[in-house]
Structures are given as structure tokens and as C-alpha cells.
Amino acid sequence: MPLSGTRPRPDASPEQTARRVAFVIEDDTIVAPLIEDMLRAIGYAEVWHAETVAGALLILGYHRPDIAVLDTNLLGVPAYRVAERLNEINVPFVVATGYDPARLPDLLRSTVILRKPFGAADLAAALESVSPRGTS
């Protein structure tokens with residue numbers, strides 16, 4: 001997976017804006033590629049993927065995506081540390097889950113929650129609602 005440190009400036013041209021990076025943190029081998037395809041379709045040039053908490057934290061230790069889509073449970077491990085790290089480095093994210101949102105911890109309930117299954121329009125709207133002014 002290519003990882004780049006380039007980020008568009010707030011006054012970036014459309015060509016620079018097209019270099020936005022999304023990060024999918026999802027362990028389901030069917031769901032992850034679907035989300036990745038949706039993100040590309042709505043304009044993300046690069047989409048990174050991790051399926052474990054350790055893998056996501058490793059990537060976030062070295063790179064900063066523009067936005068993230070976070071599953072709540074990764075191979076049986078709650079994704080709370082990943083949510084904390086995304087907050088620490090100021091990466092807006094949405095939570096994608098099949099769980100009842102009322103049963104999630106405050107950290108995960110405090111952002112936009114997408115109930116699985118969801119479509120590209122739902123994903124785009126969720127990302128728009130957590131993105132800083134017009135960057136999604």
C-alpha cells in the first residue's frame with residue numbers, strides 16, 4: 001500500500017485536492033474492499049487499509065490520512081485505541097458498525113456512526129459531516 005505524506009493546502013487546486021488519502025480500518029475481507037471502492041468513487045485518490053488494531057496503529061505512527069472509516073471490532077479486539085490515536089493526530093473519522101450504537105463507548109458514539117450495511121451516498125454524507133470545510 002503506497003503511503004505518502006503529501007496533503008493538499010486549504011487553497012489547493014482541484015488537481016492537488018484529488019490527492020486526498022482515506023484510511024479504512026476494517027477486518028472483514030468482503031466489506032473492506034467495498035468501502036475502499038466507495039471512497040475512490042467519491043474522490044479519494046489513495047485508500048489505505050488495515051485489518052487489525054496493531055496494523056492501524058503502526059500506520060498512524062508514521063502517516064496521517066485525511067479521513068478514516070473505523071470498524072468498532074477488529075478480529076475480536078475493540079478499536080478504541082485506534083479511535084484515540086485518530087483523535088490525537090486530528091484525523092476526522094466515522095465509525096462503521098453493525099453493533100447497536102447505544103452499546104458503544106462514548107469515544108465511538110461521539111462521532112458519526114454508519115450502520116452496516118451502508119451505501120456510497122451514506123458514506124459520502126457521513127464523511128462530509130466530519131470533514132473540515134469542504135475537504136471530503
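What follows is calculated from the coordinates using simple rules that are stated; it is not laboratory data. Every value quoted in this text rests on a predicted model; they were computed, and no experiment measured them. Counting neighbours? That spans all protein chains shown, and the Cβs are built from the backbone with ideal geometry, glycine included.
Which whole-angstrom value gives the distance between the alpha carbon centres of the range 16-74 and the range 77-99?
11
Just to confirm a number: summing +1 for Lys and Arg and -1 for Asp and Glu over residues other than Arg115 whose beta-carbon lies under 14 angstrom from that of Arg115, what do you get? Walk me through the intermediate numbers first.
Details: positive: Arg103, Arg109, Lys116; negative: Asp71, Asp100, Asp122.
Here the charged neighbours net out to 0.
Figure the gain on full extension for Ile113 and Glu128 (residue separation times 0.36 nm, minus the Cα-Cα span) and round it to one decimal in nm. Present the calculation step by step, with values, prior to reporting the outcome.
On the way: separation 15, 0.36 × 15 = 5.40 nm, distance 1.28 nm.
My answer for the length gained is 4.1 nm.
How far apart, in nanometres, would the label points at Thr29 and Ala41 be if each is projected 7 angstrom from Cα along the Cα-to-Cβ direction?
Taking the two extended label points, one gets 2.3 nm.
Quickly work out the Asn87-to-Arg19 label distance, labels modelled 7 Å from Cα along the C-beta direction, and quote it in nm with one decimal.
3.1
Thinking of the range 15-130 as a set of Cα atoms, what percent of all their pairs are more than 16 Å apart?
Result: 55 percent of Cα pairs exceed 16 Å.
Mind checking the full-extension length gain between His63 and Asp100? Use 0.36 nm per residue of separation minus the Cα-Cα distance, one decimal, nm.
Working: separation 37, 0.36 × 37 = 13.32 nm, distance 3.09 nm.
So the chain would gain 10.2 nm between His63 and Asp100.
What number, in percent, do you get for the relative contact order of the range 15-130 if the mean sequence gap of Cα pairs under 8 Å and at least 6 apart is divided by its residue count?
On the way: 189 pairs, mean separation 27.3, N = 116.
Computed value for the range 15-130: 24 percent relative contact order.
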